[in-house]
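Novice: This is the structure I want to talk about, given as structure tokens.
The values are calculated or read from the model by the stated rules, or taken from the named source; none is laboratory data. As the structure is a computational prediction, the values presented were derived from the model and not from experiment. Please note: Cβ atoms are built from the backbone with ideal geometry, for glycine as well, and neighbour counts cover all protein chains shown. Just the protein is used for accessible areas: all its heavy atoms, side chains included, with ligands, DNA and RNA removed. Shrake-Rupley method; radii C 1.70, N 1.55, O 1.52, S 1.80 Å.
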Amino acid sequence: MSGENSLTVIQCPHMDDGFNKKLEDAVVWLTGEYSSIRSGQATPALLDSIKVEQYGAMMPINQVGSVGIEDARTLRVSPWDASGVAAIERAIIDADLGVSVSTDSSGLRVIFPELTSERREQLMKLAKSKLEEARVRVRTARDEAMKQIDAAQKSGDISEDERFTKKEEVQKLVDAGNKKLESLLASKEVELQA
């Protein structure tokens, strides 16, 4: 995990490490979801989901050629096998990304149109719904951790004071996780408005 997306881990001996991993996973998941939401700028990740029929199999686009950024709204796809240009072009058009594709001697250009204000609003709604999905993941992890703490106290493994302390630690982690999720939304919002 990169330091930017990681949360401080508080070890809780009567709680499995799955709690910390679930918080990390929620942040990583949301980061991945946001990378697939197209902003006004072209990024190679936008083509990652496209599969191209080549050599009798469906292959990810990044395995049949290199994908690079030509300018803010244009990606350059340079196939490793020149005979695959037509198949790549067809796959990009069939993916229905709302882009235009043109071919030239060195490969393909994928041109992303400017975002309309209506489309920006739709993308913001999508980003907010993804944030809510990530929050649900965090809440579920918190509820499971709280149940583990209660069970440890009932079985006599920890005292009631320790239970309250551990619940506070869990809530601090949840708050930190939610704050990180909010910051991801804020940065995506800035990106969409640019």
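Novice: Could you go through the range 116-131 and let me know if any residue there is closer than 19 Å to Lys22 by Cβ, surrounded by 15 or more Cβ atoms within 10 Å (Cβ to Cβ) and over 18 Å from the mean Cα position of the chain (by Cα).
Specialist: No: zero hits.
Novice: OK, next. For the list (1) touching a helix residue (DSSP H, G or I) at 6+ places or on another chain (Cβ under 8 Å); (2) open to solvent by 40 Å² or more (accessible area, probe 1.4 Å); (3) without any contact (Cβ under 8 Å) to a residue 24 or more places away in the chain, I need the number of the one condition that Thr43 fails.
Specialist: Every condition holds for Thr43 apart from (3).
Novice: List the residue pairs whose Cβ atoms are under 8 Å apart, where the first residue sits in the range 10-34 and is under 30 Å from Leu192 (Cα atoms), the second is among the polar types (S, T, N, Q) and at pLDDT 85 or above, and the two are 6 or more positions apart or on different chains.
Specialist: Listed pairs, sorted by first residue: Lys22/Thr140.
Novice: Here is a follow-up. Within the range 101-115, which residues are polar (S, T, N, Q) and either on the phi > 0 side of the Ramachandran plot or surrounded by 13 or more Cβ atoms within 10 Å (Cβ to Cβ) (or both)?
Specialist: The answer is Thr103, and nothing else.
Novice: For Lys154, work out the one condition from (1) touching a residue at least 24 places away in the same chain (Cβ under 8 Å); (2) open to solvent by 70 Å² or more (accessible area, probe 1.4 Å); (3) more than 20 Å from Pro44 (Cα to Cα) it doesn't fulfil.
Specialist: (1)
Novice: For Arg119, state whether it is closer than 30 Å to Val99 by Cβ, assigned to a helix (DSSP H, G or I) and either without any contact (Cβ under 8 Å) to a residue 40 or more places away in the chain or among the polar types (S, T, N, Q) (or both).
Specialist: yes
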